Amino acid sequence: MSSEPPPPGSGRPPDDDPFKKQPPPAEGGGSPYGSQPPPYGDQPPPYAGGGDPYGAGGPYGGDPLAGMPPLADSGKRVLARILDMILVGIVVWLLSWAFGVTEYDVDTDKIDTGKSFAQSLVAAVLYVGYDTVMISRSGQTLGKRLFKLRVANLDNGSTPSVQTTLIRSLVLWIPFAFCCACIWTAIAGGWSFFDKPYKQGLHDKAAKTVVVSTG
């Protein structure tokens, strides 16, 4: 199965998502992981037989990761996010400069922060819009494409919808733009280093998504 998303405008209906998990083979037909090792090694899958914390189940016996590519390395996720932040940040800075919306206006007497809200609003709109459009189309931002990562729905492995991606983006970028900046991004994204078993960031948990490797 190809790891590349379908080209824009290909006309493929949403239910024909090439990344959507297929039912496992019939009994005796092999492992649903194909040539990839099971994500839990020799250990039994968590929540097997008891459902996972999101209520997902279906033909995989309660293991949502069955049939999916391996979960992405958290370090690669950080690098991809930093690249996306730089790319969008350049656009934010250019627009803020073009429209005279700067966070700090320094003169000899004071620092004027009266325009900080406007610049934060520009940043929020661009970061949320970038993530929402890119991920809902292919599951990948430019950073994720470079590092061969993809966002997927936890329950079936398909590309997240616009609504799901918008929730994910809002949780990540609204606090970043208006109050906590890099601190929130580090907490939300860094959560994946410690989260088990799905290696989710806080924004992934809100949207019920995971990030998987495509290469």
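If you take the beta carbon distance between I82 and V125 as r and set R0 to 22 Å, what does 1/(1 + (r/R0)^6) give as a FRET efficiency, to the nearest 0.05?
The formula returns an efficiency of 0.60 here.
Tell me, what is the FRET efficiency for V133 and D195 to the nearest 0.05, using R0 = 25 angstrom and their Cβ-Cβ distance as r?
0.45
Order R77, R137, R150, R145 by their accessible area, 1.4 angstrom probe, all chains in place, largest first.
Order by accessible area, largest first: R137, R145, R77, R150.
First measure r as the distance between the Cβ atoms of K148 and L95, then evaluate 1/(1 + (r/R0)^6) with R0 = 30 Å and state the FRET efficiency to the nearest 0.05.
0.50
Compute the distance from the alpha-carbon center of region 191-215 to that of region 142-168, in whole Å.
So the two Cα centres are separated by 10 Å.
Show W173, W93, W191, W184 ordered by accessible area, largest first, where the area counts protein heavy atoms only and the probe is 1.4 Å.
W93, W191, W184, W173
The values are calculated or read from the model by the stated rules, or taken from the named source; none is laboratory data. Because the structure is predicted, anything quoted here is derived from the model rather than measured. Don't worry about glycine lacking a Cβ; one is built from the backbone with ideal geometry, like all the others, and counts go over all protein chains shown. To get the accessible areas, we keep the full protein, side chains included, count just its heavy atoms, and leave off ligands, DNA and RNA. Shrake-Rupley method; radii C 1.70, N 1.55, O 1.52, S 1.80 Å.
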